[in-house]
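As structure tokens, the structure follows; a few thoughts come after it.
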Amino acid sequence: MLRTKIVCTLGPASDDEATLRAFLEAGMAVARINFSHGDHADHARRIAIVRRLAAEMGRAVAVMADLQGPKLRVGRLPPDGLLLTEGETVRLIDAPASAEPGVIPLPHPEVLRDV
């Protein structure tokens with residue numbers, strides 16, 4: 001039994017059947033799909049091809065769905081930006097904007113509560 005698994009990230013560069021077959025022949029155990037890129041139809045098509053090829057080759061291959069996590073955006077900063085130096089302490093505030101030096105607006109109160 002193998003203790004190491006080869007995980008291959010699938011995308012536009014590995015979008016053809018020959019490449020996917022080569023991945024399987026080389027030992028791919030997990031096909032990783034990055035759902036941050038592409039659309040549902042592309043992902044479904046790739047998964048179907050991998051499953052069909054794996055079945056033809058008598059191989060078990062897992063599909064790993066890499067889902068996008070939450071995106072946090074800071075609020076509006078001064079027009080000239082905010083210069084931070086290494087080691088400087090900054091303060092995060094629950095506000096849509098700030099022009100105060102050393103202050104970063106983070107309009108996500110739930111994050112500030114949890115930090």
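Rule-based calculations on the coordinates, nothing more; no lab input. Small disclaimer: the values here were computed from a predicted structure and weren't measured. Every residue, glycine among them, receives a Cβ derived from its backbone with ideal geometry; neighbour counts consider all protein chains shown.
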Q: Answer yes or no: is there a residue in the stretch 23-44 that is under 28 Å from residue 110 (Cβ atoms) and either among the acidic types (Asp, Glu) or out of contact with any strand residue (DSSP E or B) (no Cβ under 7 Å at 6 or more places or on another chain) (or both).
A: yes
Q. Could we say that residue 52 is part of a helix (DSSP H, G or I), more than 24 Å from residue 3 (Cβ to Cβ) and in contact (Cβ under 8 Å) with a residue 12 or more places away in the chain here?
A. no
Q: Kindly indicate the residue of the stretch 60-110 that is touching a helix residue (DSSP H, G or I) at 6+ places or on another chain (Cβ under 6 Å) and within 30 Å of residue 31 (Cα to Cα) and also surrounded by the most Cβ atoms within 10 Å (Cβ to Cβ) among those meeting that condition.
A: 61
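Limited to the stretch 50-59, what total is found for residues that are out of contact with any strand residue (DSSP E or B) (no Cβ under 9 Å at 6 or more places or on another chain) and either closer than 30 Å to residue 106 by Cα or surrounded by 11 or more Cβ atoms within 10 Å (Cβ to Cβ) (or both)? Steps first, please.
At the first step, the residues of the stretch 50-59 found to be out of contact with any strand residue (DSSP E or B) (no Cβ under 9 Å at 6 or more places or on another chain) are 52-53, 55-58.
From what's left, either closer than 30 Å to residue 106 by Cα or surrounded by 11 or more Cβ atoms within 10 Å (Cβ to Cβ) (or both): 52-53, 55, 57.
Residues in the stretch 50-59 being out of contact with any strand residue (DSSP E or B) (no Cβ under 9 Å at 6 or more places or on another chain) and either closer than 30 Å to residue 106 by Cα or surrounded by 11 or more Cβ atoms within 10 Å (Cβ to Cβ) (or both): 4 in total.
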Q: Within the stretch 23-69, track down each residue that is under 12 Å from residue 9 (Cβ atoms) and among the charged types (D, E, K, R).
A: 32, 46, 66
Q: Kindly establish whether residue 107 is in a loop (DSSP other than H, G, I, E, B), farther than 13 Å from residue 10 by Cβ and touching an Asp or Glu at 6+ places or on another chain (Cβ under 7 Å).
A: yes
